[in-house]
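A short write-up of the structure that comes next.
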């Protein structure tokens with residue numbers, strides 16, 4: 001049997017999971033709402049895929065919450081009922097509870113999905129940042145090349161501004 005302290009912790013973990021899912025949901029909603037329209041195709045695609053990944057992660061986190069709550073309240077083993085009309089045996093045969101196994105298998109699958117989504121999101125964010133950094137470097141290089149071909153000063157004037 002599960003003691004009261006374990007039940008309290010499962011409630012706390014379940015509520016924390018639900019609260020984090022709600023906060024992340026608001027964050028994704030706010031990002032989507034404040035995003036500037038008219039992005040380049042690559043940027044738009046990146047943000048759409050990011051929104052999908054993060055929304056799936058939020059749904060998984062929200063589904064994790066009841067799994068943690070109910071998974072801690074389901075007995076691990078169940079006894080086999082005796083023959084009808086006879087008293088219960090002194091030492092009943094115990095079998096693993098399939099409901100318990102199903103809930104915790106679902107919890108572990110959700111955790112694996114969350115980890116995979118986090119890894120994919122991390123890689124996608126790095127690729128996006130690298131693409132942006134390269135674009136800024138090329139833009140800076142173009143500006144430097146333009147500056148070399150069109151000087152802002154006359155070669156006859158002194159460089160210090162006195163003359």
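Derivation of every value follows stated rules applied to the coordinates shown; laboratory data play no part. Every value quoted in this text rests on a predicted model; they were computed, and no experiment measured them. We place every Cβ from the backbone using ideal geometry, glycine too, and count neighbours over all the protein chains shown.
The length gained on full extension between residue 39 and residue 119, counted as 0.36 nm times the residue separation minus their Cα-Cα distance, comes to 26.3 nm. Using just its DSSP H runs of length 4 or more, each adding -39500 (n - 2.57), the chain gives a mean residue ellipticity at 222 nm of -26000 deg cm²/dmol after division by all residues. Distance between the pseudo-spin-label points of residue 73 and residue 31 (7 Å out from Cα toward the beta carbon): 3.4 nm. The stretch between residue 111 and residue 130, if pulled fully straight at 0.36 nm per residue, gains 4.0 nm over its current Cα-Cα span. Rounded to two decimals, the Cα-based Rg/Rh of the chain, with Kirkwood Rh, is 1.39.
Highest mean packing comes first when the peptides 127-133, 43-49 are listed by Cβ atoms within 10 Å, giving 43-49, 127-133.
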